[in-house]
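**Q** To start, I am sharing the structure in question, which I have written as structure tokens.
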Amino acid sequence: MAIDRAQVRHVARLARLALSEEEEERFAAQLGHVLEYVERLQAVDVAGVEPLSFAGDAAAGLSLREDEPLPCLPRDKVLAQAPEHNGEAFLVPRILE
Amino acid sequence: MKPELLPLSQAADAIASGAVSPEALLEASLARIRALDGRLHAFLRLTENEARTAAKAATQRRASGKSLGPLDGVPVALKDIFCMEGVETTCGSKILRGYAPPYDATVVRRLKQAGAVIVGKLNMDEFAMGSSTENSAYGPTRNPWDLTRTPGGSSGGSATAVAARLVPGALGTDTGGSIRQPAALVGCAGLKPTYGRVSRFGVIAFASSLDQVGPFAQDVRGVAHLLAAIAGHDPNDQTSSSRPVPDYAAGLDQGVRGLRIGVPREYFGEGLAPEVEKAVRAGIERLRAAGGEVREISLPNSPHAIATYYIVATAEASSNLARYDGVRYGHRAKASQLLEMYEKTRAEGFGAEVKRRIMLGTYVLSAGYYDAYYLRAQKVRALIRRDFDQAFASVDAIVSPTSPTTAFKLGEKMDDPLAMYLSDVYTVPANLAGLPGISVPCGFDSKGLPVGLQLIGKPFDEETLLRIAHAAEPSEHRLPPLAEGR
């Protein structure tokens, strides 16, 4: 299945990825190649099959616990990993013009 | 006796008997890393100070007769996907360069509580995406059997560190084969436990419905000891199971007499290298000779596994990796506006394979394509699981090759993503079905490269799986020439 540069740009925007022209071209070809490979799934008879999204211990997914407040990470330790902060919050560039 | 060459279980015995101290064991490991890792590049960084403190404490516990068990004082190393408090954790990516997590992953905490001495963080494909460790932003790891070849991936650093005897044990993660395939390509044992057997809290997420943590060691006994230390319920991972954790090492010597072992015909078809097939068939014959009842089975939906995997895994990855936005941790690009900051941060921080998978995952989840790709893949996934359920009605475990080839050359598959993906053709189905799988060495090809034999077990039946794996593994583990100083 072919995928063109415009589709690549659209998907890149959804994924918040700035791509160079060279990357757009390369990804268009490579994604097309992979999509062509996965096309084979269209031929599988899945009529009446329930999708499987969790292949673990069914009891684990269902267990509930009391909603108790527990200590969380100290704010200064968390903020210390941020590219920019003011000691209370994460700082980001301007959102509105 | 060279303490650094001891397998994990014997290192534990040597500590317990007083033949070697944890401090001496650590220094031997560090000396080997200094001597060999310049050529291998298994380690991204060492945690020497923390390790020396831990080894000293273990030595004191041993002196006062208060040993914490089989891992007390044993050096281990961690794939750089595990958060360790205060220690840089990059996941092989530039986007996390300098990130020092404020907490330990549950498995790291459990290893520390068991007395293990953590010596450092190991190389990996960026965000565990790859099958050769060449996608690391910090350069590839090399195979100890042939430095011009890859050790496989994504846990290539973990596999190499164990195979070259830099450490007796290591942890990795396996989303589509990332423990088993490198274990096969370097000739050590590597286990992917059942989905839910080991907590993923503090493990950097790739594809959350597939990711599982597991151990590497020279032999199955070492793997059993590490699994016992890390397995078990964790309230911080909702998917972790509260089933009891057995003593995995206890039953290893029971043998395979009377156990039914299935050989899936779909795993021995086109694409399997003849020399790999020969070594694996010889391994199967050893299981038969030991009393295993070997029978042919069919897993008819296996040919769909790679396509299913690359839809499910990339879709989940595109969602998980949305968190790398330059706001809370890691790299941030210079930009005057928020959207531009996101796009440039991610463009600068992610490597080519990660971008490719984010793009594919975003595409298959995007409006108009969800049903055709993601939903359909989840249904095929159900069929793959059903194949295994049906097979396990008549067998106790399944045996196959781990990887279709032995170690390939560095660079060989870097320009052809699909060829790289197909290197996981035999390992991916166990992840899709949530089953435990292990790779153990079963021979060598004519180039002297190791061949791995894979065993897949029933959910939460790691005991039987390890028991069969122990019967299948060689009694003598050959050392790579480089690890013998040649």
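Read the figures in this text as sums done on the coordinates, not as results from a lab. Since the structure is predicted, the reported quantities are computational estimates derived from the model, not experimental observations. All Cβ positions, glycine included, derive from the backbone under ideal geometry; neighbour counts span all protein chains shown.
**Q** What percent does the relative contact order of chain B come to when contacts are Cα pairs within less than 8 Å and at least six residues apart?
**A** Computed over chain B, the figure is 18 percent.
**Q** Under a 10 Å cutoff between Cα atoms, tell me which one of A:24, A:66, A:36 has the largest fluctuation in the Gaussian network model of chain A.
**A** So, out of A:24, A:66, A:36, the one fluctuating most is A:66.
**Q** When every alpha-carbon pair in the stretch B:116-177 is counted, what percent end up more than 13 Å apart?
**A** Cα-Cα pairs of the stretch B:116-177 separated by over 13 Å account for 56 percent.
**Q** Only bridges with both residues in chain B count here: give the DSSP antiparallel percent, nearest 5.
**A** 70
**Q** Points 7 angstrom from Cα along the Cβ direction at residue B:45 and residue B:339: gap in nanometres?
**A** Here the answer is 3.6 nm between the modelled labels.
**Q** Spin-label point model (7 Å from Cα, Cβ direction): what's the residue B:100 to residue A:36 distance in nm?
**A** 5.0
**Q** Would you mind checking the radius of gyration and Dmax of the stretch B:337-486 based on alpha-carbon positions, in Å?
**A** Here Rg and the maximum Cα pair distance are 20.3, 62 Å.
**Q** Between residue A:76 and residue B:295, what is the label-to-label distance in nm when each label sits 7 Å out along the Cα-to-Cβ direction?
**A** 6.6
**Q** Right, next: For residue B:81, what is the net charge nearby, where nearby means another residue's Cβ is under 13 Å from its Cβ and Lys, Arg count +1, Asp, Glu -1?
**A** Details: positive: B:79, B:121, B:200; negative: B:80, B:88, B:125, B:126, B:174, B:211.
For residues surrounding residue B:81, the net value is -3.
**Q** Right, another one. Taking only the C-alpha atoms, wrap a convex hull around the stretch B:91-224 and report its volume per residue in Å³ as a whole number.
**A** Expressed per residue, the convex hull around the Cα atoms of the stretch B:91-224 is 101 Å³.
**Q** Counting only C-alpha contacts under 8 Å and six or more residues apart, can you give the relative contact order of the stretch A:1-43 as a whole percent?
**A** Values: 26 pairs, mean separation 24.5, N = 43.
Relative contact order comes out at 57 percent.
**Q** Stretch residue B:367-residue B:17 to full length: gain in nm at 0.36 nm per residue minus the Cα-Cα span?
**A** 119.6 nm
**Q** Against the 2.2 N^0.38 Å scaling, with N counting residues, where does chain A land? I'd like the Cα-based Rg ratio to two decimal places. Can you show the working numbers first?
**A** Details: Rg = 22.6 Å, N = 97, 2.2 N^0.38 = 12.5 Å.
Scaled against compact globular proteins, the figure is 1.81.
**Q** Round to the nearest 0.05 the FRET efficiency obtained for residue B:147 and residue B:416 when R0 = 25 Å and r is the Cβ-Cβ distance.
**A** Working from the Cβ atoms, E equals 0.65.
**Q** Apply the Kirkwood formula to the stretch B:275-384: the hydrodynamic radius equals the inverse of the mean of 1/r over all pairs of different alpha-carbon atoms; give it in Å with one decimal.
**A** 17.5
**Q** I need the Kirkwood Rh of the protein assembly as shown: take the reciprocal of the average 1/r across all distinct C-alpha pairs and report it in angstrom. Kindly include the intermediate steps, with their values, before the conclusion.
**A** Details: mean 1/r = 0.0417 Å⁻¹.
So the Kirkwood estimate lands at 24.0 Å.
**Q** Right, something else. So what are the radius of gyration and Dmax for the Cα set of the stretch B:134-211, in Å?
**A** Calculated on Cα positions, Rg and Dmax stand at 12.5, 37 Å.
**Q** Something else: Given N residues in chain B, what is its alpha carbon radius of gyration divided by 2.2 N^0.38 Å?
**A** Dividing the Cα radius of gyration by 2.2 N^0.38 Å gives 0.91.
**Q** Give the share of C-alpha pairs in each 10 angstrom bin for the stretch A:1-43, from 0 to the last occupied bin, in whole percents, shortest bins first.
**A** Percent of Cα pairs in each bin: 30, 49, 19, 2.
**Q** On to the next question. Using the C-alpha gyration tensor of the stretch B:238-330, what are the square roots of 5 times its eigenvalues, in whole angstrom, with the largest one first?
**A** The equivalent ellipsoid of the stretch B:238-330 has semi-axes of 37, 24, 13 Å.
**Q** Distance between the C-alpha centers of the stretch B:52-96 and the stretch B:148-179? Whole Å please.
**A** Each part's Cα centre sits 17 Å from the other's.
**Q** Report Rg (one decimal) and Dmax (nearest whole number) for the stretch B:379-455, counting Cα atoms only, units Å.
**A** Cα-based Rg and Dmax for the stretch B:379-455 come out at 14.6, 43 Å.
**Q** Exceeding 19 Å between C-alpha atoms, which entries from my cross-link table qualify? They are B:192/B:413; B:409/B:447; B:94/B:334; B:278/B:409; B:79/B:334.
**A** Details: B:192/B:413 25 Å; B:409/B:447 12 Å; B:94/B:334 15 Å; B:278/B:409 21 Å; B:79/B:334 30 Å.
Violating the 19 Å limit, Cα to Cα: B:192/B:413; B:278/B:409; B:79/B:334.
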